[in-house]
Every structure is written in structure tokens, then in C-alpha cells.
Amino acid sequence: MKKNKASTSRRSEIQNIYQCYSSGRNTLAASALLRFLHMEQMEAAANQETAEGLIDRYEIEETARENRSMTFEGFYRYMESKDCSVFDQIHTSVYQDMDQPLCHYFISSSHNTYLTGDQLVGKSTLDAYVSALRRGCRCLEIDCWDGPSAEPIVYHGHTLTSKILFKDVITTVEQHAFEVSPYPVILSLENHCTPTQQDVMAQYLTSILGEKLLATSLDLTNQPGQLPSPNELKYKILIKNKKLSPQKDRRERDSEGEDSEEEDEDDDEEEEPNLKTKHHSKLKRKKVIAESLSNLVVYTKSVKFHSFSHAREHQQYYENTSLGEKKAHKLVKTSAPDFVQHNMVFITRIYPAASRTLSSNYNPQGFWNVGSQMVALNFQSLGLPMDLNNGRFQDNGGCGYVLKPLFLRTNQWGFNPNSYRHNLKPAHLLLKVISGSNLPVPRSGKYLDPFVRVEIHSVHADSCRRHTDTVRHNSLSPRWDSAMNFTISVPDLSLIRFTVRDQTGLTSEFIGQYTIPFISMKKGYRWVPLLSREGYSLDPASLFIFIWYS
């Protein structure tokens, strides 16, 4: 690979920083290292002990260690370590308050979790559930239909997607639910089964999940009329489904759900892309909820959304609604402040339109901006929406629950994401994209002409993108030295996405990306890891940047 003579390696960039602080000496004294931490890395809390701790961790030359100083090699090891990652290492563990009610969190949520491909002929697998859970997903969707031999099955109804057994899905969930997070898993049932097979479902949920199944309400005398917290629901699995109303007599209860086929477009039971007839989904059919299954629904009862005023009058704290993306987009556009207030009290799930037969995804940011908790995406689909989802839920230890900003939890701000003025403290961000390192080369072996695009995903007023110039024929160590300034009016909602692209004539091709919440970004000289389109690490490929914000 031909090397661009104008570029320098990351090593020489770090060497320049080292020489600046070592004042020409062979080693960097702990006091000089501390000055670097204060001046460049903006680590105000760092003290002599911090600096000496870094020497102990990264310096292997014994004489330097004894003299409480650092050679360049030690300093270089430190600068390439997790301590200098752009992602705040405190955020790699659960650090947020986990004692708030469930409605105060963004919850990592999957749509049609069983699918590995498209919505019409894709494959349904148990591995898709394992994969979602291992990626921190906490709300899984299960489409349930009557199967042969009284065995409920899971697949995308009225399509040619393959089928798996409901009992195998529940067994898989039981085995993997808490591998990466102790916080509650919500099973969102899209329930098309007859009462007989719903009884079978209830039996499997009870027998397979055992103690993990939350089948009765918790004794929360200190907070009546409020959802329990992630901490109170640790290691519990909740069932999200319609529930019989206890006050109705038996005859009325038996006819509940009679009109639910009409509700499919804006309820949990989504309109299916149908291969048989166009009008099938419009046919009414009696849908009865089995008492055995109804009894397992505690804090996540699905109800139809009518309007925000109707919800204020009638909706209970333990009831939640599901909205298709089109209806939700319309509400974001026309009634954003009402949507924000609604989501302070009630859980809302958003799901992709039935027209997305190829399992494409919408951009989740607009729904997070109004505080929607369960913004469900097709986890098997690659691209920007899943990059944003992975970036959002990388925060708080990747546990699948991220505490919403205070202005989305309390009324005092009257927050409106559509406004161009927010009564919040804006952040002024200076971001300097210095260089890249070891960018992956295409299989063709052709030269890369890389550039970096920096995107802000936030409220409409903040969303923008900037890019560096293109460096010709250099994948090993491209140097950009490109400074970008941003004013971010709602930093607590903002995601920063770094994308490296290869300029190919008038178009460009994806090389790698990394998405991070603004609040998780460290100041100073930092390296940015790069991920593939599939979300895998492209190590040692990375960017070297400088960040400052106020």
C-alpha cells in the first residue's frame, strides 16, 4: 500500500504531545503527566495519585517506575488504552439511578424478534432471540398463532416465514434472559391464538419461567399508582398482552376483544403483510382472551390508544399502548408536548410499519425525543437506525435501560422537541478529527480515499452533519486535522455518529462507524473505535480526535 507522504502515523502525533509535556527530557515526570491530564484531557479531578496510578499501570521500564515517571513507550500504551477511549469508562457499568418507575427509562426493544430476514419469506429462529438478548435487548416480541397438535407456534402470520414452537422460544428466553443484564425482560405477545392454545401458552410461561415470571404485583406500599423500578424487577420476566377487566361480568369478558381486528393497525397486534388476500385483515373476528393468560399480565397491560386526552382521563399507570410508526410520526409532528407528558406516566411502544416487508427500520431518534420508552426495531437489519440504537444503549453498562433526561420525566420544563428554542443549557462542542489508523482495505485491494463524516442525531434543531476533506490513497494513517464546531441545544438526547467513508468518484462507500451518546463522550485527545456494518469491532482500525465542550 502506497503511503501518503503528507500524513504521519498516530505514534508521531502522540510523540509530539509527549515532547511538549516532557520539555525535552527522556521521561515524563508524574507532575508533568498530571499537567497533561488537567490541561489536555480536562480531567479536573485527577491528582498526583491518579498520575502515579497510570505510571504503575502502563510503564514497564523499572527505572522510570521507581522514579515515578513515564517513558514515551509507557505514555503511548496509556494513550492507546481504554483510559483514552472516547467512551467514558464509567459508563461501561450501570451508573444511573435504577430506582425510578419503568416509564422513566428508554428500554432496548426488538420488533418481530424471531426473524432473521424479511417479513414475508424470512427465517424464524431461536438464535434471533439469543442474539437480541446478548445485545442488551429487554423487550422481545413473540407473534403467537395456533399450531398443530395444540402446540402454539411463532411466525409472521399470513406469510411464508418459517415457524418455531412457542415453548422453545420461552425455553430459550429462560436460558438467556439475564446473561448480560439483570434488569427485567418484557415479552410483548402479539397474540392470535384461540383460548385453548392461550391456555397452553400460559402453562408454558408458568412452568418454564418458574420463579423468573412476574405473575403477581409487588408489595409497593411506598409508591401506589406507580410502576415499579428496574431494581425492583431484577431477574423478572413480564408478560405484555391484553388483560381481562376484573369488574366486568363473565359474559362481557368473554366478548372482550371482539373488535380487536380493527385495532390491529394501532395496537400490539399489527396488520400483517398478507400473501392471501388484501382484505383479510379487515375482517372482524371474535378474539377472546383466556383467563389463564390474562392472569399473567401485571404491569404491562396492552390497551388501545385513542388520544392523549382520553389517556389522561382513563388510562391506568400499568396500561401501555403500541403505535405504528406512521401514527406515532403524526403525533410527534402535531402534539409533541402532549406526547412528552404522556410518556412521563405511561409506557409507549412504537413499531415499524407493515409496509416495511424487507425489515427496514425507521429512525428511532424522533420517538426518543418525545420520551417513548420501547422504540422497537428489526434487530436483524443493518444501518443507521440500529447504529443509533446500539449507540444509545451502549450507555449505562449496556444493561438495556437508559434513564431518560430529567426534562422527559418531570413537567416543569414543558419540553417540546419541535421547538427551535429549549430552556436547557446548550453545549458548545469543538471536535477535531486528527487522523485515522489501520482502516480496513476492500478485498479488491484498491486504494482508499477516506473521509470522516460527523453526524449529530438529536432534536430537529440540532441534527446536522459535517465532514473532513478526502485524503487520497491512504488507509494506513490518513491525516485530516479537521476542526468542527457545533452548538447542541439538547445535549442529553444527542448521539454523535462518526462514519468513515471511501470517496469513489461522485459517491462514497461505508468503511466503518461508531455512535456514542454525547453525555458519554470524554474530553481531550481520544481514540474512536470503528465498527463494521454488522456492529463488529474493526480493531485496530480507529480514529484519533480531540474533543472540547462547555
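The values are calculated or read from the model by the stated rules, or taken from the named source; none is laboratory data. Quick caveat: nothing in here was measured; it's all calculated off a predicted structure. We place every Cβ from the backbone using ideal geometry, glycine too, and count neighbours over all the protein chains shown. Each accessible area value is taken on the protein alone, full model and side chains, heavy atoms only, with ligands, DNA and RNA left out. Shrake-Rupley method; radii C 1.70, N 1.55, O 1.52, S 1.80 Å.
Brief remarks on what is shown
- Label-to-label distance, THR194 versus ASP56, with points set 7 angstrom from Cα along the beta-carbon direction: 7.0 nm.
- Gain in span if fully extended, ASN411 to ARG11, counting 0.36 nm per residue against the direct Cα distance: 139.0 nm
- Cut-off 20 Å (backbone N to label point 7 Å along Cα→Cβ of THR507), residues of region 372-396: 382-385
- For the pair SER532 and TRP548, label points projected 7 Å from Cα toward Cβ lie 3.8 nm apart.
- Length added when fully stretched, ASN418-LYS212, from 0.36 nm per residue minus Cα-Cα: 70.1 nm
- THR487 - accessible surface, heavy atoms, 1.4 Å probe, Å² rounded to 10: 90
- THR334-SER81 pseudo-label distance in nm [points 7 Å out on the Cα-to-Cβ vector]: 5.7
- Taking all protein chains as they are arranged and a probe of 1.4 Å, the heavy atoms of HIS428 leave approximately 90 Å² accessible to solvent.
- Accessible surface of GLU319 - all protein chains present, 1.4 Å probe, nearest 10 Å²: 20
- For the chain, calculated [θ]222 nm from helices alone, where every DSSP H run of n ≥ 4 adds -39500 (n - 2.57): -7000 deg cm²/dmol
- HN-Hα J in Hz across region 488-500 - Karplus 6.51, -1.76, 1.60, θ = phi - 60°, x for Gly and Pro: 10, 7, 10, x, 5, 9, 7, 10, 10, 10, 9, 10, 9
- Rounded, prolate or oblate (a/c below 1.5 giving rounded, otherwise prolate when a/b exceeds b/c) for region 1-112 by Cα gyration tensor: oblate
- Taking the 1.4 Å solvent-accessible surface of the chain as the whole, the part contributed by carbon and sulfur is 49%.
- Over region 355-414, relative contact order from alpha-carbon pairs under 8 Å, at least 6 apart, %: 28
- Prolate/oblate/rounded call for region 340-453, Cα gyration tensor, a/c under 1.5 rounded: oblate
- Rounded to whole Å, the principal axis extents of the Cα atoms in region 110-183 read 35, 27, 15, largest first.
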